[in-house]
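Trainee: This structure is in structure tokens; I'll ask about it shortly.
The values are calculated or read from the model by the stated rules, or taken from the named source; none is laboratory data. Keep in mind the model is a prediction, meaning the values are calculated, not measured. Every residue, glycine as well, gets a Cβ built from its backbone with ideal geometry; the counts of neighbours run over all protein chains shown.
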Amino acid sequence: MAGAAATVQGIAVPAIVPALAGRDRLVQANTRIQSSLTVSNLVGPGLAGAAVQAFTAPLAIAADAASFVVGAVMTAWTGVNEVLPPPSGRRTFADAVEGQAWMWRQPLVRAITLTILINNAGGSVIFAVYVLYFVTTVGITPAQLGLIFAVTGASALLGAQLGRPLLARERLGLVMVGGASLVVLGQTGALIAAYSPHRAAFPILIAFGALLGSGLMIYNINQQSIRQAVTPDGLLGRVQSGVFVLVAAAGVVGSLLGGAIGQSVSLRAALAVGVALNLISVLPTIFSQLRKLRTVPAAERAIAVDSS
């Protein structure tokens, strides 16, 4: 039930942001949202541990549940002038198909979706064997592993600020290509560390993890803003759900593929396959209209591109 609710929220939040913030302030809004999520993910585990130690686990879980109730009440009280499409009278499946069809027709959204989909598949291949390989084979300790993930998460806050100078100079296309390239470069760190001396693995994973975290924040803030800006109000939820489903499915396939390769060939072979997919994932962003963007496009302009 919690997973289903989280999925609904994950689809609904990006779809409602244009109505809340306005299409001219999407980058600022998404920067604040992503930064808040990053901070909560970094601080949350530490607060959880302190709460369990101070109040016992049941009370800590109760406090966590109460925080969701507070969030739900605050969301319900949020005033928004949402433009709702008229009832279509069709089945939900037909609405979902309409969102998918529009997503693949629109060149900017299609390029973004392909990049995210392929990259998530490759990242899932890597992560399926990442912990197993580096802990059991290389000797990375649990404390070191936690620090690697913490640095990756913390560097996302830096990434939220890195793209601002270029955006101010109307270089959105360069920001998109740079963000996607940083992500892929960061993901190659696992393969480089796997073929390096064991004593060098930890600093390599730290350094490339920082690149990965920064790149993810840069790319995600701006790709989300572009998708929200160009998608018509009546299709925001359908397109968002379409992207969500495809990316989630790619993650499942990637995890299964990583496990299969790790078991039948080797763990390092799985890392290599994952990195290869990651390298491919940047191509839709580079060889598309995304790299030519100067600013977040208006919906009218994007629709005209779609129909051309």
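Trainee: Would it be correct to say that VAL183 is of a type in the set (Val, Ile, Thr), in contact (Cβ under 8 Å) with a residue 40 or more places away in the chain and surrounded by fewer than 17 Cβ atoms within 10 Å (Cβ to Cβ)?
Mentor: Taking the combined requirement at face value, the residue does not satisfy it.
Trainee: Let me ask something else. Need pairs with beta-carbon distance below 9 Å; first residue without any contact (Cβ under 8 Å) to a residue 60 or more places away in the chain and within the stretch 131-154, second surrounded by fewer than 16 Cβ atoms within 10 Å (Cβ to Cβ) and hydrophobic (A, V, I, L, M, F, W, C); sequence gap 6+ or separate chains.
Mentor: Filtered contacts from the stretch 131-154: THR141/VAL135; PRO142/VAL135; LEU145/VAL131; LEU145/VAL135.
Trainee: Next question, about the same structure. Assuming ALA111 fulfils every condition listed in (1) within 23 Å of ASN41 (Cα to Cα); (2) at pLDDT 95 or above; (3) buried (at least 22 other Cβ atoms within 10 Å of the Cβ) apart from one, which condition is it?
Mentor: The number of the failed condition is (1).
Trainee: Looking at (1) crowded, with 24+ Cβ neighbours inside 10 Å; (2) in contact (Cβ under 8 Å) with a residue 60 or more places away in the chain, which is the only condition ALA193 fails?
Mentor: Of everything listed in (1) crowded, with 24+ Cβ neighbours inside 10 Å; (2) in contact (Cβ under 8 Å) with a residue 60 or more places away in the chain, ALA193 misses just condition (2).
Trainee: Pick from THR137, THR141: which is in contact with a Lys or Arg (Cβ under 9 Å, 6 or more places away or on another chain), of a type in the set (S, T, N, Q) and either surrounded by fewer than 21 Cβ atoms within 10 Å (Cβ to Cβ) or closer than 20 Å to THR188 by Cα (or both)?
Mentor: Of THR137, THR141, the one residue that is in contact with a Lys or Arg (Cβ under 9 Å, 6 or more places away or on another chain), of a type in the set (S, T, N, Q) and either surrounded by fewer than 21 Cβ atoms within 10 Å (Cβ to Cβ) or closer than 20 Å to THR188 by Cα (or both) is THR137.
Trainee: Would you mind stating whether ARG294 is without any contact (Cβ under 8 Å) to a residue 12 or more places away in the chain and either under 17 Å from the mean Cα position of the chain (by Cα) or surrounded by fewer than 23 Cβ atoms within 10 Å (Cβ to Cβ) (or both)?
Mentor: So ARG294 does not fit the description; no.
Trainee: Right, something else. What pairs come out if I take residues in the stretch 155-175 that are surrounded by fewer than 14 Cβ atoms within 10 Å (Cβ to Cβ) and pair them with residues that are polar (S, T, N, Q) whose C-beta lies under 8 Å away, six or more apart or interchain?
Mentor: LEU158/SER214; GLU170/THR295
Trainee: Out of VAL43, VAL39, I need the residue that is in a helix (DSSP H, G or I), modelled with pLDDT of 75 or more and of a type outside the set (Ser, Thr, Tyr). Which one?
Mentor: VAL39
Trainee: Within the stretch 100-155, can you find the residues that are more than 21 Å from the chain's Cα centre (by Cα) and not in a helix (DSSP H, G or I)?
Mentor: Correct list: GLY139, ILE140, THR141.
Results for (1) modelled with pLDDT of 95 or more; (2) surrounded by fewer than 21 Cβ atoms within 10 Å (Cβ to Cβ); (3) assigned to a helix (DSSP H, G or I); (4) touching a strand residue (DSSP E or B) at 6+ places or on another chain (Cβ under 6 Å), shown as yes or no for each residue.
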| residue | (1), (2), (3), (4) |
| --- | --- |
| GLN228 | no, no, yes, no |
| GLN240 | no, no, yes, no |
| PHE244 | no, yes, yes, no |
| GLY254 | yes, no, yes, no |
| GLY258 | yes, no, yes, no |
| LEU271 | yes, no, yes, no |
| GLY274 | yes, no, yes, no |
| LEU277 | yes, no, yes, no |
| ILE280 | yes, yes, yes, no |
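Trainee: What do you reckon, is VAL17 closer than 20 Å to GLY153 by Cα and either within 23 Å of the chain's Cα centre (by Cα) or in contact (Cβ under 8 Å) with a residue 24 or more places away in the chain (or both)?
Mentor: So VAL17 fails the test.
Trainee: Among the numbered criteria (1) surrounded by fewer than 23 Cβ atoms within 10 Å (Cβ to Cβ); (2) under 15 Å from GLY123 (Cβ atoms), which one does GLY209 miss?
Mentor: (1)
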